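**Student:** Could you have a look at this structure, given as structure tokens, before my questions?
The values are calculated or read from the model by the stated rules, or taken from the named source; none is laboratory data. Keep in mind it's a predicted model, so treat the numbers as computed, not measured. Virtual Cβ from ideal backbone geometry, glycine too; neighbours counted across all protein chains shown. Please note that ligands, DNA and RNA were not included when accessible areas were found on the heavy atoms of the full protein model with its side chains. Shrake-Rupley method; radii C 1.70, N 1.55, O 1.52, S 1.80 Å.
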Amino acid sequence: MSVSRELPGQPADVFDLVADVRHHSRWIPLTWGSFPVEPSGRPLPDGPLPSGARFTMYSHPGIVDRMEVVGLERPAGDALSGTERHRLVLRKAGPLLEGTAGIDVEPVDHATSLVTWWEEVYLAGPLPARLTSPLLGVPLGLMLRLALHRVSRELDAA
């Protein structure tokens, strides 16, 4: 399942915003997170968490979603081309959801980026993924549409 939306801004800037999972509680209702920090105890710098970083998102009513950054790709140059893609890939590690999720950001033109937020997830447990993944499609699709709508509104107000 994936949802795409054009957002104002250069791909690198838009990616730094939407792929920084510490911002997701602003856009996803009833959700907050617990994130890694530097050894000194200070927060990690703004932007996407580094590969290997583990974090947990919590949502009401009592949903725990453990994740790990397993992929973080940025284009080598900053030249505008149709193949320039920024990508964040997360592994969902239970206890309720398993699978992968991610965010891709590509240029549309000099002032607009296409954001695609995708989820290939299923319920952890005894039932096969082919049965539980479709059950999650509608609620995840609604959540992703709402999140990207809120990101868009935030960028428009800036």
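**Student:** Between Asp156 and Thr100, what is the spin-label point distance in nm, taking each point 7 Å from the Cα along the Cα→C-beta axis?
**Tutor:** So the label points at Asp156 and Thr100 sit 3.3 nm apart.
**Student:** Whole-Hz Karplus ³J(HN,Hα) for the range 117-128, in order, using 6.51 cos²θ - 1.76 cosθ + 1.60 and θ = phi - 60°, x for Gly and Pro?
**Tutor:** Rounded to whole hertz, the list is 9, 10, 9, 10, 10, 8, 6, 5, x, x, 6, x.
**Student:** Dipole magnitude of the chain about its Cα centre, charges +1 at Lys/Arg Cβ and -1 at Asp/Glu Cβ only, in debye to the nearest 20?
**Tutor:** 580
**Student:** Continuing with the same structure: Round to a whole number: what % of the accessible area of the range 38-158 belongs to carbon and sulfur, probe 1.4 Å?
**Tutor:** Accessible surface attributable to carbon and sulfur in the range 38-158 totals 58 percent.
**Student:** Between Tyr58 and Leu131, what is the label-to-label distance in nm when each label sits 7 Å out along the Cα-to-Cβ direction?
**Tutor:** 3.1
**Student:** How many Å² of accessible area per residue for the chain, probe 1.4 Å?
**Tutor:** 54
**Student:** So between Val108 and Gln10, what do we pick up on full extension, going 0.36 nm a residue minus the alpha carbon distance?
**Tutor:** The span from Val108 to Gln10 would gain 34.4 nm if fully extended.
**Student:** Report, to the nearest 10°, how far helix 129-157 tilts away from the longest principal axis of the Cα atoms in the chain, using its own Cα long axis and a range of 0 to 90°.
**Tutor:** Taking Cα atoms only, the helix is inclined about 40 degrees.
**Student:** Treat every Asp and Glu Cβ in the range 26-116 as -1 and every Lys and Arg Cβ as +1, leave all other atoms uncharged, and give the resulting dipole magnitude about the Cα centre to the nearest 20 debye.
**Tutor:** Computed charge dipole of the range 26-116: roughly 360 debye.
**Student:** How much length, in nm to one decimal, is gained on full extension between Glu38 and Ala124, taken as 0.36 nm per residue of separation minus their Cα-Cα distance?
**Tutor:** Between Glu38 and Ala124, full extension yields an extra 27.9 nm.
**Student:** I'd like the distance between the alpha-carbon centres of the range 119-158 and the range 3-64, rounded to an integer number of Å.
**Tutor:** Value for the Cα centre distance between the two parts: 15 Å.
**Student:** Moving on. Suppose accessible area is computed on protein heavy atoms with a 1.4 Å probe; arrange His23, His110 from highest to lowest. Let's see the in-between values first.
**Tutor:** Numbers: His23 40, His110 135 Å².
Final ranking, largest accessible area leading: His110, His23.
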